[in-house]
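Visitor: To start, I am sharing the structure in question, which I have written as structure tokens.
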There are 2 protein chains.
Amino acid sequence: MLSGVDHVAIVVRDTEEALRFWRDTLGLEVLFTTSGQGGTVALTNLALGNSHLQLVEPLAEDHPLLAWLGERESALHHLGIAVGDVSAYRARAVAEGLVDAEAPLIAATLGRRAIFLDPTRTGEVVIEIIDQMGERDRTG
Amino acid sequence: MLSGVDHVAIVVRDTEEALRFWRDTLGLEVLFTTSGQGGTVALTNLALGNSHLQLVEPLAEDHPLLAWLGERESALHHLGIAVGDVSAYRARAVAEGLVDAEAPLIAATLGRRAIFLDPTRTGEVVIEIIDQMGERDRTG
């Protein structure tokens, strides 16, 4: 059911600073910038061939991701894995205890739906399962 | 020049334990197991659609990756990005200060060559640039 890497997300202290590396030095194209988690993070997606690189910048000084980041400038945070139909996947994941029965599908980028798996079941790796994107969305 | 996500690498304390999640629960197919870093880590690659999921298990009790892992069971460690010709890429990366001028190409999985970028230039994200794999290698 899982169809591949949708995005690799990196928490960054400062998006503009991060873009100096990812966009200006590595040459990845910025596809779009949006907000997430009720406006508490800024999301910037860059084209990375078969998937996206997503920069996640916490916007509030007390955002838990800042504590998670600690002294680091930026750090790999989660792996977004694409699936054909996240709603169908959610039902199976609930049955397998990979996601809480009450956990709603969340609004993700490009009008898609997603769930985060329970990190106590994933060896503490943060995994987002997300509706797969269209071919056109991958590269802008 | 960069053609996409080649692999996402996760440091694990115990490969068999990690496979209970990635292989048995998520359903990813194990493609191969090998060793890396002069035999000090075990590498297990699983098919993840457009790329690979790579489990990295440190084999020595004093391996630096164990200190890096700390109390965590497993954690996202590095992002492998594919390029058409890593040797050509290396020359450019040296010129841009992204990799040390003396850093050799290392032997990577599937008979390929790779370099790790200097983490002081990447915002501390560990990035491996690696020769792209053939279509057949992606899924076994």
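The values are calculated or read from the model by the stated rules, or taken from the named source; none is laboratory data. Note that the coordinates shown come from a computational prediction; the quantities given were computed from them, not determined experimentally. Every residue, glycine among them, receives a Cβ derived from its backbone with ideal geometry; neighbour counts consider all protein chains shown.
Visitor: Give the residue that is nearest to the other protein chains (Cβ to nearest Cβ), with candidates limited to residues of the stretch B:47-68 that are among the hydrophobic types (A, V, I, L, M, F, W, C) and farther than 10 Å from B:Ile10 by Cβ.
Guide: Checked the stretch B:47-68; the qualifying residue nearest to the other protein chains (Cβ to nearest Cβ) is B:Leu48.
Visitor: Also, I was wondering about something else. Considering B:Val94, B:Val99, B:Val12, B:Val5, which residue is within 14 Å of chain A (Cβ to nearest Cβ), in contact with a helix residue (DSSP H, G or I) (Cβ under 6 Å, 6 or more places away or on another chain) and either within 25 Å of A:Leu46 (Cβ to Cβ) or at pLDDT below 95 (or both)?
Guide: Result of the check over B:Val94, B:Val99, B:Val12, B:Val5: B:Val99.
Visitor: Also, quick follow-up: So, of the residues in the stretch B:86-106 that are small (Gly, Ala, Ser) and in contact with a strand residue (DSSP E or B) (Cβ under 9 Å, 6 or more places away or on another chain), which turns out to be surrounded by the most Cβ atoms within 10 Å (Cβ to Cβ)?
Guide: Checking each candidate, the answer is B:Ala93.
Visitor: Of the conditions (1) within 14 Å of chain A (Cβ to nearest Cβ); (2) β-branched (Val, Ile, Thr); (3) surrounded by fewer than 20 Cβ atoms within 10 Å (Cβ to Cβ), B:Val83 clears all except one; give me its number.
Guide: The one condition B:Val83 does not meet is (3).
Visitor: Oh, and also: Within the set of pairs 6+ apart or on separate chains, which have a first residue in the stretch B:123-136 that is under 18 Å from A:Ala18 (Cα atoms) and outside any strand (DSSP E or B), a second that is modelled with pLDDT of 95 or more and polar (S, T, N, Q), and C-beta atoms under 9 Å apart?
Guide: From residues that are under 18 Å from A:Ala18 (Cα atoms) and outside any strand (DSSP E or B), the pairs are B:Gly123/A:Ser74; B:Glu124/A:Ser74; B:Val125/A:Ser74.
Visitor: Okay, next question. What pairs come up if the first residue lies in the stretch B:60-82 and is modelled with pLDDT of 95 or more, the second is among the β-branched types (Val, Ile, Thr) and surrounded by fewer than 17 Cβ atoms within 10 Å (Cβ to Cβ), and their beta carbons are under 8 Å apart, counting only those six or more places apart or on different chains?
Guide: Cβ pairs passing all conditions: B:His63/B:Thr40.
Visitor: Then there's this: Criterion first (without any contact (Cβ under 8 Å) to a residue 40 or more places away in the chain, part of a helix (DSSP H, G or I) and surrounded by fewer than 19 Cβ atoms within 10 Å (Cβ to Cβ)) does A:Ala42 satisfy it?
Guide: no
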